[in-house]
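Notes follow the structure.
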Amino acid sequence: MSDYRESPGFSRGKEVNDIDFDGPRGTRTHELAAVVALADAIFKEGMGPQFPTLFCEQNGEGLRTFWRDGQPAALVGVWRGTAVVDGRQADVAHIGAVCTRPEYRGQGLATRLLLEVLERLRGEGRALALISGGRGLYRRLGAEPFGTLLRCRVRPSAAPQGRRPAVDVATPAAVEPMAELHAREVVRYRRGVDDWRRLAAAKGYLPAGRGRSAVLVRRPGAAAPSAYLLLGRVRRPENPDAGPTVLLIDEFGGDREALWEALPAVLAEAGAEVAELLAQPGDGALRVLCQAAGAAMEPCRHQGTALVLDPDAFTQMAGIAAEPRPWPPLGGEACGARAAALLARGFAGGLQWPRTDGLNYI
Ligand SMILES: CC(C)(COP(=O)(O)OP(=O)(O)OC[C@H]1O[C@@H](n2cnc3c(N)ncnc32)[C@H](O)[C@@H]1OP(=O)(O)O)[C@@H](O)C(=O)NCCC(=O)NCCS
């Protein structure tokens, strides 16, 4: 493992006394409640139910911790998954719920947990770590904002009007039809039906809750639904002159024309004037519809930052030329700079990436 003491974040703090802290290590089943309580205390209540694939017994090894006096002192949460993009796939990891109890901060605990985790993930041949933030702690290791999405704002007037809607819009009874449509998307994370069920309930899409809901779009008479949408919150302006009421669409899949035709009904139901979708740059069908309707489109970054772990896995996934070896040890400045440069090269080469929020957020 690279020496965490050389990382700039660490050198500003006191040295970790290895005798005082037990770790870095995973979380045992009987310790899970204490780790969730730490995350609840630092972030917000309800972290366990909100992130069911992170805070669960099966992911004990992914909850990397330092312990002191029988209590967790610091935590780095890791979820392992697979991204599928344009027919290629790569194993990746999401990192979140990074926290240190206030009394133990500034001693290098978070830096050390992160380095241990990243070293492991790199050893597993994982292409990327997607990190739920952009603070110095991550940036010093080489994590950078990444990718491009197109933020499309669609007004109902931009969608077909004056004729009978060509689609039916309904609340799905179960996740299976959405899971099937999602599995055909060209840019996505692999998500089994069980994960669909757990995540959709936890985040409040199905059953609907906390201002979120799900919609299934079907062409009349069709045996199977054509598209689905996961609806996020409605953003209301402070006063009517401050702009339109916007419905945030957190995820969608399936036939883009069916989806498009469903928008007026979906907006009317939500009481919103504008739908905001984040499209992949390569989503030609959606771009054509947006362009024809004069919908506003602007590029934006993904949420969080990304760090290249295994250069071979990443270049393969991105379909770009391989990186010369050797690759410097993680944690050093040389590695951080090369990771950032390679990340930029991959996305400049046209790599697309699934949204890291919504159901894909650990
Ligand atoms: C961010 C956090 C996890 C860092 O934990 P830590 O164990 O103190 O981290 P380290 O000692 O390894 O040092 C890294 C961080 O501490 C800061 N730090 C280093 N030495 C320090 C010291 N002596 N005193 C105070 N802060 C210090 C560094 O500036 C760095 O923060 P940065 O990311 O803003 O640059 C902790 O402050 C925390 O729990 N914050 C609240 C939760 C949070 O914001 N999590 C991140 C979500 S993206």
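Structure data summary
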quantity: Within segment 327-355: backbone nitrogen closer than 20 Å to the ALA321 label point (7 Å, Cα to C-beta); calculated: 327-328, 337-351
quantity: Relative counts (whole %) of C-alpha pair distances in the chain, using bins that are 10 Å wide; calculated: 5, 23, 29, 24, 14, 4, 1, 0
quantity: C-alpha long axis of helix 284-293 to longest principal axis of the chain, angle in °; calculated: 50
quantity: Tilt relative to the chain, helix 109-123 - C-alpha long axis, 0 to 90 degrees, to 10; calculated: 70
quantity: Hypothetical label at ASP20: residues of segment 97-113 whose amide nitrogen lies under 13 Å (7 Å Cα-Cβ projection); calculated: 101-110
quantity: Computed E for ARG135/ALA223 - FRET, C-beta separation, R0 35 angstrom, nearest 0.05; calculated: 0.10
quantity: Folded to 0 to 90 degrees: helix 333-348 orientation relative to the chain principal axis, Cα; calculated: 10
quantity: Computed over segment 149-300: relative contact order in percent, which uses C-alpha pairs under 8 Å that are six or more apart; calculated: 35
quantity: Dipole magnitude (debye, nearest 20) for segment 247-348, charges at Cβ of Lys, Arg, Asp, Glu; calculated: 580
quantity: Given charges at beta-carbon only (K, R positive; D, E negative), |dipole| of the chain in Debye; calculated: 480
quantity: Proportion of all alpha-carbon pairs of segment 279-362 beyond 17 Å (%); calculated: 59
quantity: Packing-based ranking, highest mean first, of 336-343, 224-231 given that Cβ atoms within 10 Å are counted; calculated: 224-231, 336-343
quantity: Packing-based order for 234-243, 264-273, using average beta carbon neighbours within 10 Å, highest first; calculated: 264-273, 234-243
quantity: Sum of -39500 (n - 2.57) over DSSP H runs of 4+, divided by residues of the chain (222 nm, nearest 500); calculated: -8500 deg cm²/dmol
quantity: Average Cα contact separation per residue, the chain, under 8 Å, 6 or more apart, as relative contact order %; calculated: 22
quantity: Burial ordering of LEU278, LEU330, fewest other beta-carbon atoms within 10 Å first; calculated: LEU278, LEU330
quantity: Cα gyration tensor shape for segment 122-250, rounded if a/c is under 1.5, else prolate or oblate; calculated: oblate
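Every number in this text was worked out from the coordinates using simple rules, so none of it is lab data. Predicted model only: the values in this text are computed from it and were never measured. Neighbour counts are summed over all protein chains in view; Cβ atoms, including those assigned to glycine, are modelled from backbone coordinates with ideal geometry.
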